[in-house]
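S.K.: Here's a structure for you.
The values are calculated or read from the model by the stated rules, or taken from the named source; none is laboratory data. Remember, it's a predicted structure, so these values are computed and weren't measured experimentally. Backbone-built Cβ (ideal geometry, glycine too); neighbour counts: all protein chains shown. Surface areas here come from the heavy atoms of the whole protein model, side chains and all, with no ligands, DNA or RNA. Shrake-Rupley method; radii C 1.70, N 1.55, O 1.52, S 1.80 Å.
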Amino acid sequence: MRSPYLVSVAKLLRDVPSTLEVRFEAPFDESHEFLPRGPAETDVFPEASVKVEVRLESFSGGLRARGCVEAPWHGVCRRCSTPVLGVSSVKVDERYVDDLSTADDEAYLIENNEVDLAPLAHDAILLELPLAPLCREDCKGLCPQCGTDWNEGQCRCLAPIEPPRSSPTWSARTAVGTRVE
Ligand SMILES: [Zn+2]
Ligand SMILES: [Zn+2]
């Protein structure tokens, strides 16, 4: 099946300037072309539905693609480590050219009178993914001593005294365990 990301632009390139509105929804990465990111990183499922709304405008030697790309992402809350879901909506303004040597390296290539919007959508969305999302703005996180989810209730540890987790000394641990009444 033909990818909806592939758009024939022969007519646009013939009639300069002209425009074409492109609008579709398609899986983010149906052919699993792009490498998944690390398990702890925010990412988009390959089968996630991406909304693409782009206006293509031809100029001599190329096209400008302007519009919006939207995709659902999944990640892990940076404070409490629960799974987080969100949607990124990203504005795009990129160029496609028929000869990359004449353009800066930010441009995409027009091949066989077609543009492939998949790399554009992919690049735009990955750049805008939240690196360290929160499950909610006021997430309280986990107790560093006992792991209790402070969103669900307080633990009996004394928080938040900062014991360095890497090399806790005996005195530091004792200090943390001391409750002030
Ligand atoms: Zn959280
Ligand atoms: Zn605790």
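S.K.: Relative to the compact-globule scaling 2.2 N^0.38 Å, provide the ratio for the alpha-carbon radius of gyration of the chain.
M.R.: The value comes to 1.52.
S.K.: Restricting to Cα pairs below 8 Å that are 6+ residues apart, what does the relative contact order work out to for the chain? Please round to a whole percent.
M.R.: 18
S.K.: Could I ask something else about it? With a Förster radius of 35 Å, plug the Cβ-Cβ distance of Glu114 and Leu85 into 1/(1 + (r/R0)^6) and report the FRET value to the nearest 0.05.
M.R.: 0.55
S.K.: Moving on to the next point. Compute, for Arg64, the solvent-accessible surface of its heavy atoms (probe 1.4 Å) with the complete set of protein chains present, and express it in square angstrom to the nearest 10.
M.R.: Counting only protein heavy atoms, the figure is 80 Å².
S.K.: Per the Kirkwood treatment, what hydrodynamic radius in Å, one decimal, follows for segment 27-118 from the mean inverse distance over all distinct Cα pairs?
M.R.: Roughly 15.2 Å, rounded to one decimal.
S.K.: How would Asp123, Asp138 line up by accessible area, probe 1.4 Å, largest first?
M.R.: Asp138, Asp123
S.K.: Here is a further query. Among Gly75, Val54, Pro36, which residue has its Cα positioned farthest towards the positive end of the charge dipole of the chain, with +1 placed on the Cβ of Lys and Arg, -1 on the Cβ of Asp and Glu, and the dipole taken about the Cα centre?
M.R.: Gly75
S.K.: Also, quick follow-up: Can you grab the distance from the C-alpha centre of segment 21-53 to the C-alpha centre of segment 77-146, Å, no decimals?
M.R.: After rounding, the separation between the Cα centres reads 10 Å.
S.K.: Select from segment 55-108 those chymotrypsin sites (Phe, Trp or Tyr not before Pro) which occupy a DSSP coil region and have at most 15 other Cβ atoms within 10 Å, ordered by residue number.
M.R.: none
S.K.: Could you list which residues have their amide H under 5 Å from that of Ala48, counting only those 5 or more apart in sequence or on another chain, with H placed in the peptide plane?
M.R.: Placed amide hydrogens put Phe28, Asp29 under 5 Å from Ala48.
S.K.: Residues of the chain: accessible area per residue at 1.4 Å, in Å²?
M.R.: It amounts to 64 Å² per residue over the chain.
S.K.: Please give the length that would be gained between Cys157 and Leu127 if that part of the chain were fully extended, namely 0.36 nm times their separation in residues minus their C-alpha to C-alpha distance (nm, one decimal).
M.R.: 6.9 nm
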